[in-house]
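One structure is given here, and the rest of the page talks about it.
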Amino acid sequence: MLAEIKGLNEECGVFGIWGHPEAAQITYYGLHSLQHRGQEGAGIVVTDGDKLKGVKGEGLVTEVFSQAAIQELKGTSAIGHVRYATAGGGGYENVQPLLFQSQNGGLALCHNGNLTNATALKYQLEAQGSIFQTSSDTEVLAHLIKRGGVSSHKERVKNALSMVKGAYAFLIMTENEMMVAVDPNGLRPLSLGKIGDAYVIASETCAFDIVGAEYVRDVLPGELLVIDDNGFRSEMFAMASNISMCAMEYVYFSRPDSNINGINVHTARKNLGKQLAVEVPIEADVVTGVPDSSISVAIGYAEATGIPYEMGLIKNKYVGRTFIQPSQSLREQGVKMKLSPVRGVVEGKRVVMVDDSIVRGTTSRRIVTMLKEAGATEVHVIISSPPIKNPCFYGIDTSTKEELIASDRSVEEIREIIGADTLTFLSPKGMIDAIGREEEGETRGLCLACFTGKYPTEIYPSTLHPYEKV
Ligand code: SF4
């Protein structure tokens, strides 16, 4: 769906490469393919084995890096980041990778996810004399690493990782090595690939295809990879526990050409559509999906029901970020500018409109109205996930509980607000089965907290006192 106007935003994407003469250029292409994970800032730090050097800025990848800037980033290894600003807010200083220089050399790091105990750790670190340059949760890890005493860099990183809680896929780089870590619950995806002898790391495997890398495997929950000129070594810094990959990665965030834990995202979405066909049989003339993430679901629903799939909604791909305005009325206008109904497809038809989720309800109401204004006689809305009733503390901006339309309303009340003829959400079990992960147990290795309120980790929301648990 249209992330910027919907109020459901991924926070970040990370990319790294070790041991390639065109490290910065490849990282640029990798970040470009991860642009859907964050459009508000981007950065690259390279190492030439002697020093770290970086370029970062606010805006899209193509806006931040000129070709000349990439040429200046000489080095054989790099880490990069695309950011959607939520935790800690926006601003240049919060754009990653964060780069620190000290007597012992440089340290660069970037992060996808959100640390749930960052505020509490910041209080402690500040009380012990730390001064933070940014308001981002990511900087906490840098301070913890630097304060780790005289032990080896790897031991200090492991020790720092043992103190942070929440969701993270970290890339940490010094002049001579890159470290890669995923939280013990495995909340955010991260994969390892290779281009020749060079190692590549990316939030999504779609980045491997763009840069010509071969997929090796996913980074495991609780795993620390150390990559240097001698290859890579793996060890567990923490026991994997209660594996909880974000279900919304499959439903909405990731690109359809990415694979997460061996499951292709497009295929998972088609299966969500097929499951919706089992749960919600509807008499209709056409099925249409809200671009981009719901097209795969709509195709699956159409295949399973025999109702023809049509392009009933077209996305204007050339509307830039400048059109995304914060106010409600302008946000609604933003929907109009980004989406258009295809009158020839929907006029006089009973339409099944497939979407991935409903956050505030504003976007859904606009789209239903648009389809009806274009002549649809009925609009049946089916959603490929359960109602979002709870905020996410793991790096997804799902708004506050008060802003979530499903937090205190029934499905019928939501249907009335968005003006649909019928509204159905996929059941939690239907979603879990359709995604089809191999893990055992009720959630089969998925986080479902925004639907169920059962968070896989302890939560310390910044709105509460930092030491108070919920
Ligand atoms: S709470 Fe929802 S959005 Fe957040 S990690 Fe869990 S499934 Fe994903």
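Structural remarks
- Cβ-Cβ under 7 Å pairs, at least 6 apart or on other chains, region 133-155 side in contact (Cβ under 8 Å) with a residue 24 or more places away in the chain and closer than 23 Å to D228 by Cα, far side assigned to a helix (DSSP H, G or I) and open to solvent by less than 20 Å² (accessible area, probe 1.4 Å): L141/A160; I145/V157; I145/A160
- Subset of region 249-265 that is within 23 Å of V354 (Cα to Cα) and open to solvent by 10 Å² or more (accessible area, probe 1.4 Å) - its residue that is nearest to the chain's Cα centre (by Cα): F253
- Annotation for region 383-391: at least one member residue is within 16 Å of the ligand (Cβ to nearest atom) and farther than 30 Å from R350 by Cα.
- Subset of region 351-375 (residues that are open to solvent by 10 Å² or more (accessible area, probe 1.4 Å), assigned to a loop (DSSP other than H, G, I, E, B) and more than 16 Å from the ligand (Cβ to nearest atom)): G375
- Identity of the residue in region 402-431, without any contact (Cβ under 8 Å) to a residue 24 or more places away in the chain and not acidic (D, E), that ends up least open to solvent (accessible area, probe 1.4 Å): S407
- Filtering region 417-457 to residues that are more than 21 Å from V381 (Cβ to Cβ) and away from the ligand (no atom under 14 Å from the Cβ) leaves D433, G436, E438, E439, E440, G441, E442.
- Residue satisfying condition, being of a type in the set (G, A, S), more than 23 Å from G262 (Cβ to Cβ) and open to solvent by 40 Å² or more (accessible area, probe 1.4 Å), within set S162, S130, S136: S162
- Among (1) over 19 Å from G262 (Cα atoms); (2) acidic (D, E); (3) open to solvent by less than 10 Å² (accessible area, probe 1.4 Å); (4) part of a loop (DSSP other than H, G, I, E, B) - the single one E175 does not satisfy: (3)
- Test: residue in region 277-298 that is within 16 Å of the ligand (Cβ to nearest atom) and either surrounded by 14 or more Cβ atoms within 10 Å (Cβ to Cβ) or among the basic types (K, R) (or both): yes
- Of all residues making up region 394-432, the number that are in contact with a strand residue (DSSP E or B) (Cβ under 6 Å, 6 or more places away or on another chain) and not in a helix (DSSP H, G or I): 9
- Selected residue (only one of V45, V95, V64 is buried (at least 24 other Cβ atoms within 10 Å of the Cβ) and within 16 Å of I26 (Cα to Cα)): V45
- Qualifying residue in region 223-237 (condition: in a loop (DSSP other than H, G, I, E, B), in the same structural domain as V82 (by TED's automatic domain parsing), in contact with a helix residue (DSSP H, G or I) (Cβ under 9 Å, 6 or more places away or on another chain) and surrounded by fewer than 23 Cβ atoms within 10 Å (Cβ to Cβ)): yes
The values are calculated or read from the model by the stated rules, or taken from the named source; none is laboratory data. Bear in mind the structure is a predicted one, so any value in this text is a computation, not a measurement. Glycine gets a Cβ as well: all are built from the backbone with ideal geometry, and neighbour counts include every protein chain shown. Heads up: the accessible areas ignore ligands, DNA and RNA and are worked out on the full protein's heavy atoms, side chains in. Shrake-Rupley method; radii C 1.70, N 1.55, O 1.52, S 1.80 Å.
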